[in-house]
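The values are calculated or read from the model by the stated rules, or taken from the named source; none is laboratory data. The shown structure was predicted, so the numbers you read here are calculated from the model rather than taken from an experiment. Cβ placement follows ideal geometry from the backbone for every residue including glycine, while neighbour counts extend to all protein chains displayed. Keep in mind that these areas ignore ligands, DNA and RNA; they rest on the heavy atoms of the full protein, side chains included. Shrake-Rupley method; radii C 1.70, N 1.55, O 1.52, S 1.80 Å.
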Amino acid sequence: MTELRRELPRRAWRRIGRVTGAVTAISVALSVIFTNLIMEMFSAGINVQGLVVSIVMPIALGGPMTFVLVLKHEQLRHANNRLEHLATTDWLTACLNRGAFTRAVTDHLGRRKSATESGALLIVDADDFKSVNDRFGHHHGDEALKLIAAAIRHAVRSSDLVSRLGGEEFGVFLADADAATADHVAERIRGAVAAIAFLPEGQTCALSVSIGGATYAMRAEFGHLYRLADRHLYEAKNTGRDRVAMMQAA
């Protein structure tokens, strides 16, 4: 039972309690009603003994059975949620993985309510990340990626999507954001990563990112936005790194 308590969240146990209690109460009420109807057919109606039996039996039999059925249902729901989380989340950074991110952005672009709705796609790439792995090992490289991912999530809005696209590259989708907002968020990301205190093996190791972005104010497709953002990431890398390059999609 202790293992079950650790496995299921509190809200699941609350649902189990509510459903079990409601079903048991309904069962008791129906049992009393039907017992009374049957007893009236053969006698003057339900007596004390019959009332006690009609109440105790549903509680003694139906309560545990309902609890087990609802418990199994919640365990299955919890397992499915965990599988979905594993299928859509990057194991190292806890960001969306590339597939889940692509689907989410594509779905958003496909259900836009207005042809003039704006937004932006940012590609964030860690600068000279190979040197971190070469100098300190992949274990510290993974630590740096987790710190960068946390800084990105902290810098964006709660409605924005953050993904690890692969390696040291991250994607950020800003829904309902104009060019000025997208540029502001991109600069916040750049500044947040630059402010990370990364001290592998007690040595100071500065982290920075270059960001390429593409904004849109009309109809847009994920592939087109990605190509534009990637092109501007290349521009940011070639003009000094630790900088942002933005462009509006046609």
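All of (1) of a type outside the set (D, E, K, R); (2) closer than 30 Å to Tyr226 by Cβ; (3) out of contact with any strand residue (DSSP E or B) (no Cβ under 7 Å at 6 or more places or on another chain) hold for Asn97 with one exception: (3).
Quick one: in the range 207-222, of everything that is part of a loop (DSSP other than H, G, I, E, B) and at pLDDT below 95, which residue is surrounded by the most Cβ atoms within 10 Å (Cβ to Cβ)? Looking at residues that are part of a loop (DSSP other than H, G, I, E, B) and at pLDDT below 95, I get Ala220. Starting from the range 38-58, keep only residues that are under 15 Å from Ile26 (Cα atoms), then list their pairs with residues that are at pLDDT below 75 and outside any helix (DSSP H, G or I) whose Cβ atoms are within a distance under 9 Å, requiring at least 6 positions of separation or different chains. What qualifies is Ser54/Ile46.
Among the residues of the range 173-193, those identified as in contact with a strand residue (DSSP E or B) (Cβ under 8 Å, 6 or more places away or on another chain), farther than 15 Å from Met247 by Cα and among the aliphatic types (A, V, I, L, M) are Ala175, Ile189, Val193.
Okay, residues lined up against (1) open to solvent by 30 Å² or more (accessible area, probe 1.4 Å); (2) assigned to a helix (DSSP H, G or I); (3) farther than 19 Å from Glu117 by Cβ; (4) touching a residue at least 12 places away in the same chain (Cβ under 8 Å):
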residue	(1), (2), (3), (4)
Leu147	yes, yes, yes, yes
Ala151	no, yes, yes, yes
Arg164	yes, no, yes, yes
Leu174	no, no, no, yes
Asp183	yes, yes, no, yes
Ala229	no, yes, no, yes
Lys237	yes, yes, yes, yes
Arg241	yes, no, yes, yes
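Say whether the condition of being of a type outside the set (Gly, Ala, Ser), open to solvent by 10 Å² or more (accessible area, probe 1.4 Å), at pLDDT 95 or above and under 30 Å from Arg219 (Cα atoms) is met by at least one residue in the range 190-199. Looking through the range 190-199, at least one residue is of a type outside the set (Gly, Ala, Ser), open to solvent by 10 Å² or more (accessible area, probe 1.4 Å), at pLDDT 95 or above and under 30 Å from Arg219 (Cα atoms).
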